[in-house]
Amino acid sequence: MYRYFLFDLDQTLLDFHASEYKALGIVLKANGLSYSDEIYQDFKACNKALWLEFEKGTISREELFTRRFQEVFRRCGGDTAKLDPLKINEDFIRTMSVNGVLMDGALECVKKIRNGIADSRIFIITNGVTMNARGRIASTGLDRYIDGLFVSEDLGVAKPSKAYFDLCLKQIGAPGESCIVIGDSLTSDMLGAKNASLCSVWFMPEGDTESAIKTYGIDYCASSFDELYEILGRWAEARGGR
């Protein structure tokens, strides 16, 4: 029986913030706007809040993309009157898509899983924009070690909904007991795993870990890629997969 490792993408395998920081600066400066660490931090906070709203189903993708750049325009110096936030958003996503940055140790961990855990299959599960995800994955070489990619934009539903995970499992033909979700987000990855009754690993946990484990029914926690690999190896071995 295959073992299916369902990896979140951003802040689990790829350093989303490093790519985001670089791309935002390129796009804003190209449009004659100022850019600083403060502007990025404001954008980052706004973006996080909007994605949480999207995960809850309270705003659409277009609203998310529009509002995050409307907020940036308010904070940048320069003439923004003729700038279309959705057009700037497209440029931003396109720029990010060729500027992928791996988390330290991520590629080595994925290689070890492929080579060291028998019958392993690695899939990426992510909310976001398909072009952005595919481009950053390819730009880092990560695409050579994964078996598939599931992006909310393609599926029409997003993590943490059970429907998202049901579609993923249906497309790969995997029973739930042979899958494990690995991710950094409590509200997206861990809640999604709980909603879909899947085993989970909370990667790089922060805050009140004990409370989060109870609230989200988390099975394992890993604070490094070495620890993650050992956990995944034990999980696979318990199912006859190592």
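Readers should treat all values here as calculations from the given coordinates under stated rules, not as data from a laboratory. Computed from a prediction, not measured in an experiment: that's the story for all the values here. In this analysis, Cβ positions are derived from the backbone assuming ideal geometry, glycine residues included, and neighbour counts consider all displayed protein chains.
Rounded, prolate or oblate: which fits segment 98-242 when a ≥ b ≥ c are the square roots of the eigenvalues of the alpha-carbon gyration tensor, with rounded for a/c under 1.5 and prolate only if a/b beats b/c?
Verdict is rounded for segment 98-242.
Selection among 78, 155, 115 by position relative to the dipole of the chain gives 155 as farthest towards the positive end (Cβ unit charges, Cα centre).
Amide hydrogen proximity for residue 149: with H placed 1.01 Å from N in the peptide plane, the residues at 5 or more positions away or on another chain lying under 5 Å are 124.
Relative to the longest principal axis of the Cα atoms of the chain, helix 85-96 runs at roughly 50 degrees. Within the set of other residues whose C-beta is less than 15 Å from the C-beta of residue 106, count the net charge using Lys and Arg as +1 and Asp and Glu as -1. Net local charge, residue 106 excluded: -4. Would you mind classifying segment 100-151 by shape? Square roots of the alpha carbon gyration tensor eigenvalues, ordered a ≥ b ≥ c; an a/c under 1.5 is rounded, otherwise it is prolate if a/b is larger than b/c and oblate if not. Oblate is the answer for segment 100-151, as a/c is 1.5 or above yet b/c matches or exceeds a/b.
Exceeding 25 Å between C-alpha atoms, which entries from my cross-link table qualify? They are 29/87; 111/194; 56/112; 44/162.
111/194; 56/112; 44/162
Using the Stokes-Einstein relation with a Kirkwood hydrodynamic radius computed over Cα pairs, the translational diffusion coefficient of segment 16-96 at 25 °C and a viscosity of 0.890 mPa s comes to 193 µm²/s.
Using the Cα centre of segment 16-96 as the reference point, and only Cβ charges (+1 on K/R, -1 on D/E), how large is the resulting charge dipole? Debye, rounded to the nearest 20. Walk me through the intermediate numbers first.
Details: 13 positive and 13 negative charges, 13 e Å.
Rounded to the nearest 20 debye, it is 60 debye.
Roughly what % of DSSP beta bridges within the chain run antiparallel, to the nearest 5?
In the chain, approximately 5 percent of DSSP beta bridges are antiparallel ones.
Net charge dipole, the chain: roughly 500 debye, given to the nearest 20, about the Cα centre with Cβ charges of +1 for Lys and Arg and -1 for Asp and Glu.
Look at where the Cα atoms of segment 167-205 and of segment 39-110 average out, and the two centres are 25 Å apart. Modelled label positions at residue 147 and residue 238, each set 7 Å beyond Cα in the direction of Cβ, lie 2.0 nm from each other. Net length available on complete extension from residue 111 to residue 170 is 18.7 nm, with 0.36 nm assigned per residue and the Cα-Cα distance removed.
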